[in-house]
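A short reminder: the numbers here are calculations on the coordinates, not readings from a lab. Worth saying up front: this structure is predicted, and the values here are computed from it rather than measured. Neighbour counts run over all protein chains shown; Cβ positions are idealised from the backbone, glycine included.
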Amino acid sequence: MHGMDSEAAQTAREQQGVACRRRFPRYRTDLPASIRNHDERTVEGRCFVIAEGGLGMQLREPIPVGSVVQLQLALPSCPALVSVWAIVRYQLDLHHGFEFVSLTDADRAAICEFCRELAMQQSSPQRDCAP
């Protein structure tokens, strides 16, 4: 039994190490968002964390890991809807992590600006969430 406890502790330390090695800081947010999957069906959700490289969303239904989807997000700092391609990197119940795979220069600039605004509002970035 003691060995299982140390294995769990090791796994927790490894996961924490992964969070600390992420390329971009994560910031809490709460925005309406949606995805369009390969069959052109739209699934509504909420973006709860964002970074320059991806975001975390809670959707109304699960989307399989590895799926490539089109994310649509209304950023308060951007007059136009941001629409980017992303891949599902994790899915746990209705929580999903997406990594951006295709960004225009304008979309990248809008996301970076929004992250900068959130960084000024929040004292510390969230490093334990989606890519």
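Taking label positions 7 Å along the Cα-Cβ direction at both GLU44 and ASP105, the computed distance is 3.6 nm, reported to one decimal. For segment 32-40, putting each phi into the Karplus relation 6.51 cos²θ - 1.76 cosθ + 1.60 with θ = phi - 60° gives couplings of x, 8, 8, 10, 10, 8, 4, 9, 6 Hz, in residue order, rounded to whole numbers and with x for Gly and Pro. Stretching LEU31 away from TYR90 to a fully extended chain increases their span by 19.3 nm, per 0.36 nm per residue minus the current alpha-carbon distance. Working from label points 7 Å from Cα in the Cα-to-Cβ sense, the VAL65 to ALA119 distance is 3.0 nm.
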